[in-house]
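Okay, structure first, notes after.
The values are calculated or read from the model by the stated rules, or taken from the named source; none is laboratory data. Everything quoted here is computed from the prediction, not taken from an experiment. Note that each Cβ is placed from the backbone with ideal geometry, even for glycine, and that neighbours are counted across all protein chains shown.
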């Protein structure tokens, strides 16, 4: 008996809209672990700086939004674009993540770092990919 050494790829057959949404969700998850704020103390030549990632306070909700959007990408028929409730849930999860990131930015905009900007871009891009772009336009 001969066994196949091929492993099943969970991304094979995934519609491009879902794949792009999954990438945006992955970028958002990573952005939550990157610095959202950086603060220097001690002045020039002083003690250094301190940074805070997005996994504090409301940032955890943004993280969960990105996780939820990523999970929805695997639900339903993988070969078809987002439809019905899955489309609304994925777009809502991305919009929630973007909104929470924006609220966090507005609460403390001084000292913002690249992680908060990347999270905001990923949330907006994910919502646009899921809800605004037509699946026929994604080649």
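Here are the numbers:
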quantity	calculated
So residue 106, is it part of a helix (DSSP H, G or I), out of contact with any helix residue (DSSP H, G or I) (no Cβ under 9 Å at 6 or more places or on another chain), loosely packed, with under 13 Cβ neighbours inside 10 Å and modelled with pLDDT under 95	yes
Checklist (1) over 21 Å from residue 26 (Cα atoms); (2) out of contact with any strand residue (DSSP E or B) (no Cβ under 8 Å at 6 or more places or on another chain); (3) outside any helix (DSSP H, G or I) applied to residue 51, failing item	(2)
Condition met for residue 115 (free of Cβ contacts under 8 Å to residues at least 24 places away in the same chain and either in contact with a strand residue (DSSP E or B) (Cβ under 7 Å, 6 or more places away or on another chain) or within 30 Å of residue 15 (Cα to Cα) (or both))	no
Some residue of segment 84-92 being at pLDDT below 95, surrounded by fewer than 23 Cβ atoms within 10 Å (Cβ to Cβ) and not in a helix (DSSP H, G or I)	no
So residue 71, is it part of a helix (DSSP H, G or I) and touching a residue at least 12 places away in the same chain (Cβ under 8 Å)	no
